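The values are calculated or read from the model by the stated rules, or taken from the named source; none is laboratory data. The structure presented is a predicted model; accordingly, all values stated were derived computationally and were not measured. When we count neighbours, we look across all protein chains shown, and the Cβ atoms used for this are built from the backbone with ideal geometry, even at glycine. Areas reflect the complete protein model, heavy atoms only, side chains present, ligands, DNA and RNA absent. Shrake-Rupley method; radii C 1.70, N 1.55, O 1.52, S 1.80 Å.
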Amino acid sequence: MTDATDRNKIPKASLEGAKTETLAVRAGQIRSPELEHSEAIFPTSSFVFSSAQQAAARFAGDEPGNIYSRFTNPTVKMFEDRIAAMEGAERGVATSSGMAAILSTCLGLLQNGDHIVSSRSVFGTTNVLFEKYLSRAGITTTFVDLVDVDGWKNAVQSNTKLFFLETPSNPLAEIADIAKLADLAHGCDALLVVDNCFCTPILQKPIELGADIVIHSATKYLDGQGRCIGGVAVGKASVMEEVYGFLRSAGTTMSPFNAWVFLKGLETLGIRMRAHSESALKVAQWLTEQPMVEKVFYSGLASHPQHELASKQQSAFGGVVSFTVRGGRAEAWALIDSLKIMSITANLGDAKTTITHPATTTHGRLSDEVKAKSGISENLIRMSVGLEDVQDIIGDLQQGLASIA
Ligand SMILES: *Cc1c(COP(=O)(O)O)cnc(C)c1O
């Protein structure tokens, strides 16, 4: 007899060998006895047990099942399992933000006396977290040039436990050779952590290239419509168990509602990433031809110094385009203020095109010295190309550039 309880389970085998975009729509779904088609939200703090004995077994870890939503919630689990499947990882741990994913990974896996080698070109807040706060816990960081493999090698110490990078970097679109850096990390018993926020598993699979842990700010493309803050880390089950242990104790937890928004976001991630990438390439190419534009940073341009490596590692180049205008802060701000369609906001990965001045916003907390080293100049502008008609986006930039010429 195939009753409802048989049919409500999607057999694991049916997704075996499925492509990333199929996993994005279907992986990880748990159906309740109501047989809902769309994933359910479970807004409950705790779960009941059938007996005191079952409660004891659940708490002891002898029986799997839900206990308390700080560390077990079915909606959150669906999101964790789906993104883990998409990244080719064994297990995911969802968190309250992208920064919480980075913090939980570091404090779950590192201790006083350990050392991180990190790309200098990471999200501004990641920089602050490592330099100011992890150092207070006795975890030190050496920052290196993302693309200089020898620089990474020279920064390794006997206590190095973790390599951390983003590729393409924000906002200058530099590309790390993930396979090379994974080999280097493993040669000194360190784990390679890749923040895959800009590409998502649709465009790049760091674990296939040798990375141990992949981190996301789900706030960006995974949501895709600028609604919720969230994050996730995925990797081998044994490694993620430590990250989960930290989350269980520290409460860096994702809410079930946010997990549900991200599940819905993942269903359209494939078509969105292709559309963002296609429009961003057109915008980047158009920008290179404008006299008021000094330089364009986009790895999809044949003139990008690492275009070949980007083409090998990624299936497309993503939605973020940065460029410098002729002049300084005054010209950059005037251009931003003249735009009629795009939003002045520091978020990225949204259906709406966004534009920002990194030197005074996302990277404003960095010292002038670090800004100079990282190429965050006063005439630099970062755009996250959205899903509006690309001709309208280009038209907006055209009238803006004309106004400062
Ligand atoms: C936004 C972002 C983060 C931090 O994520 P939050 O969700 O804002 O905490 C980390 N890394 C990258 C690359 C980001 O763009």
What about Arg58, is it touching a residue at least 60 places away in the same chain (Cβ under 8 Å) and either over 17 Å from Val48 (Cβ atoms) or not in a loop (DSSP other than H, G, I, E, B) (or both)? no
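Here are some residues: Asp212, Asp114. Which one is over 20 Å from Arg91 (Cβ atoms), away from the ligand (no atom under 16 Å from the Cβ) and among the charged types (D, E, K, R)?
Working: Asp212 fails: over 20 Å from Arg91 (Cβ atoms).
Exactly one of Asp212, Asp114 is over 20 Å from Arg91 (Cβ atoms), away from the ligand (no atom under 16 Å from the Cβ) and among the charged types (D, E, K, R), namely Asp114.
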Please go through segment 88-127 and give me each residue that is under 30 Å from Leu15 (Cα atoms) and among the basic types (Lys, Arg), ordered by number. Arg91
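Here's the yes/no breakdown for (1) out of contact with any helix residue (DSSP H, G or I) (no Cβ under 9 Å at 6 or more places or on another chain); (2) farther than 25 Å from Ala94 by Cα; (3) within 16 Å of the ligand (Cβ to nearest atom); (4) small (Gly, Ala, Ser):
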{"site": "Ala137", "(1), (2), (3), (4)": "no, no, no, yes"}
{"site": "Val156", "(1), (2), (3), (4)": "no, yes, no, no"}
{"site": "Pro168", "(1), (2), (3), (4)": "no, no, yes, no"}
{"site": "Leu181", "(1), (2), (3), (4)": "no, yes, no, no"}
{"site": "Tyr221", "(1), (2), (3), (4)": "no, no, yes, no"}
{"site": "Ala237", "(1), (2), (3), (4)": "yes, no, no, yes"}
For Ala233, indicate whether it is open to solvent by less than 20 Å² (accessible area, probe 1.4 Å), outside any loop (DSSP other than H, G, I, E, B) and within 24 Å of Val144 (Cα to Cα). yes
Being in a helix (DSSP H, G or I) and either of a type in the set (Asp, Glu) or outside the structural domain of Lys180 (by TED's automatic domain parsing) (or both) is the filter here; which residues of segment 107-150 pass it? Glu131, Asp150
Of Arg248, Arg274, which residue is under 21 Å from Val320 (Cα atoms) and of a type in the set (Lys, Arg)? Arg274
Could you go through segment 245-258 and let me know if any residue there is of a type in the set (A, V, I, L, M), within 16 Å of the ligand (Cβ to nearest atom) and part of a helix (DSSP H, G or I). yes
Would you point out the residue of segment 29-64, among those that are under 17 Å from Thr75 (Cβ atoms) and acidic (Asp, Glu), that is least open to solvent (accessible area, probe 1.4 Å)? Glu39
When you look at Ile207, is it in a loop (DSSP other than H, G, I, E, B), open to solvent by 10 Å² or more (accessible area, probe 1.4 Å) and in contact (Cβ under 8 Å) with a residue 24 or more places away in the chain, yes or no? yes
Against the condition touching a residue at least 40 places away in the same chain (Cβ under 8 Å), more than 14 Å from the ligand (Cβ to nearest atom) and not small (Gly, Ala, Ser), how does Ile202 come out, does it pass? yes
Among strands (runs of 3 or more DSSP E) completely within segment 263-366, the ones holding 1 or more residues that are open to solvent by 50 Å² or more (accessible area, probe 1.4 Å) are 293-297
With the condition kept exactly as written, say whether any residue in segment 168-188 is at positive phi, surrounded by 24 or more Cβ atoms within 10 Å (Cβ to Cβ) and assigned to a loop (DSSP other than H, G, I, E, B). yes
